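Engineer: Sharing a structure, written as structure tokens. Questions coming.
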């Protein structure tokens, strides 16, 4: 077997192993995020510690965590963690519908959320979206 052919086979096997192990795959989901006029309204939907103030100090807005749907169930990315969890039935956010605005929110935005795997590492990124 030639050196070039062996290298090609070795690279193909390495790529296949990487895909099977999912260590090299990207998982991107369309996520939504509620926008609130107060931290209290946000925490009523999501719970304490799950709301983020707008970075622009002139705007008095707060954002709930990024969330997405699997069927009718709502999964969200808790602040500071890259692994999503399902909302608890006691959370008002558990009754959200795709594209809907919570009764306590003033709007919502959509974006994409990527969780990038690695061998022993995890990271996440938030893409831009549109607000309504």
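Engineer: Which ones in region 3-53 are more than 20 Å from residue 84 (Cα to Cα), over 18 Å from the mean Cα position of the chain (by Cα) and modelled with pLDDT of 70 or more?
Structural biologist: Of everything in region 3-53, those that are more than 20 Å from residue 84 (Cα to Cα), over 18 Å from the mean Cα position of the chain (by Cα) and modelled with pLDDT of 70 or more turn out to be 36, 37, 38, 39, 40, 41.
Engineer: Here's another thing I want to ask about it. Whether any residue in region 56-65 is on the phi > 0 side of the Ramachandran plot and either part of a loop (DSSP other than H, G, I, E, B) or in contact (Cβ under 8 Å) with a residue 60 or more places away in the chain (or both) is what I want to check. So that I can check it myself, show each step before the final result.
Structural biologist: So the first thing to find is which residues in region 56-65 are on the phi > 0 side of the Ramachandran plot, and the list is none.
No, region 56-65 has no match at all.
Engineer: Of 71, 104, 64, 117, which residue is surrounded by 15 or more Cβ atoms within 10 Å (Cβ to Cβ) and either more than 11 Å from residue 34 (Cβ to Cβ) or modelled with pLDDT under 75 (or both)?
Structural biologist: 117
The values are calculated or read from the model by the stated rules, or taken from the named source; none is laboratory data. On a predicted model such as this, the values are computed, not experimentally measured, just so you know. Quick reminder, even Gly has a Cβ in these numbers, built from the backbone with ideal geometry, and neighbours come from all protein chains shown.
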